[in-house]
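Sharing a structure, written as structure tokens. Questions coming.
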């Protein structure tokens with residue numbers, strides 16, 4: 001093989017390595033190294049939907065527990081705290097059939113959340129309008145609304161965990 005072809009191949013291989021490193025994705029946490037334990041108090045509820053704060057708190061705790069990058073502990077043991085307030089719960093029509101009766105409903109939840117480094121007394125992030133929504137068909141009125149609510153809450157819990165751990 002001619003020397004020029006060998007040089008070109010090495011050059012192309014070097015470019016490929018540089019590009020793969022530059023475009024690489026590194027999974028991991030963006031948390032300060034000293035944060036290993038998190039406290040999650042019961043979310044406050046400013047809506048008229050009774051009990052939603054227990055559902056949200058339970059699913060947020062479950063998301064962090066299942067992820068296992070931070071230990072969920074009591075306030076006295078924690079390095080950081082994730083707290084929030086449910087500021088909105090709306091149920092409304094999403095789609096209609098030909099007779100203009102509701103075919104699908106939409107549940108939307110809005111939460112104000114902040115994540116605080118308890119060791120340094122700093123707010124690491126704050127989001128005034130974390131939102132999630134889910135729909136259900138009008139025929140599922142009894143269980144459909146509850147299932148849609150829990151699905152929306154699961155989405156919120158995952159989003160809060162991702163924001164905390166990956167910083168998006």
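The values are calculated or read from the model by the stated rules, or taken from the named source; none is laboratory data. Note that the structure is predicted; figures quoted are calculated from it, not measured. Every residue, glycine as well, gets a Cβ built from its backbone with ideal geometry; the counts of neighbours run over all protein chains shown.
Any residue in the stretch 123-132 that is over 24 Å from residue 90 (Cα atoms) and surrounded by fewer than 17 Cβ atoms within 10 Å (Cβ to Cβ)?
Within the stretch 123-132, the subset over 24 Å from residue 90 (Cα atoms) is 123-125.
Those left that are additionally surrounded by fewer than 17 Cβ atoms within 10 Å (Cβ to Cβ): 123, 125.
Yes; the residues of the stretch 123-132 include at least one that is over 24 Å from residue 90 (Cα atoms) and surrounded by fewer than 17 Cβ atoms within 10 Å (Cβ to Cβ).
Now for a different question. Just checking, does the stretch 133-149 include any residue being crowded, with 17+ Cβ neighbours inside 10 Å, in contact (Cβ under 8 Å) with a residue 12 or more places away in the chain, within 18 Å of the chain's Cα centre (by Cα) and assigned to a helix (DSSP H, G or I)?
For the stretch 133-149, residues crowded, with 17+ Cβ neighbours inside 10 Å, in contact (Cβ under 8 Å) with a residue 12 or more places away in the chain, within 18 Å of the chain's Cα centre (by Cα) and assigned to a helix (DSSP H, G or I): present.
Look at residue 58 and say whether it is modelled with pLDDT under 95 and under 30 Å from residue 112 (Cβ atoms). Please lay out each step first, then the result.
Numbers: modelled with pLDDT under 95: no; under 30 Å from residue 112 (Cβ atoms): yes.
The answer is no for residue 58.
So residue 59 ticks every box in (1) part of a strand (DSSP E or B); (2) surrounded by 14 or more Cβ atoms within 10 Å (Cβ to Cβ) but one. Which box is left unticked?
For residue 59, the exception is condition (1).
With the requirement that a residue be assigned to a strand (DSSP E or B) and loosely packed, with under 12 Cβ neighbours inside 10 Å, what does the stretch 89-121 give you? Spell out how you get there, then give the answer.
Residues of the stretch 89-121 that are assigned to a strand (DSSP E or B), as a first pass: 89-96, 102-117.
Passing the criteria: only 92.
List the number of the failed condition for residue 19; all other conditions in (1) modelled with pLDDT under 95; (2) in contact with a strand residue (DSSP E or B) (Cβ under 9 Å, 6 or more places away or on another chain) hold.
So the condition that residue 19 fails would be (2).
Quick one: count up the residues across the stretch 153-168 that are surrounded by fewer than 22 Cβ atoms within 10 Å (Cβ to Cβ), more than 14 Å from residue 55 (Cα to Cα) and in contact with a strand residue (DSSP E or B) (Cβ under 7 Å, 6 or more places away or on another chain).
2
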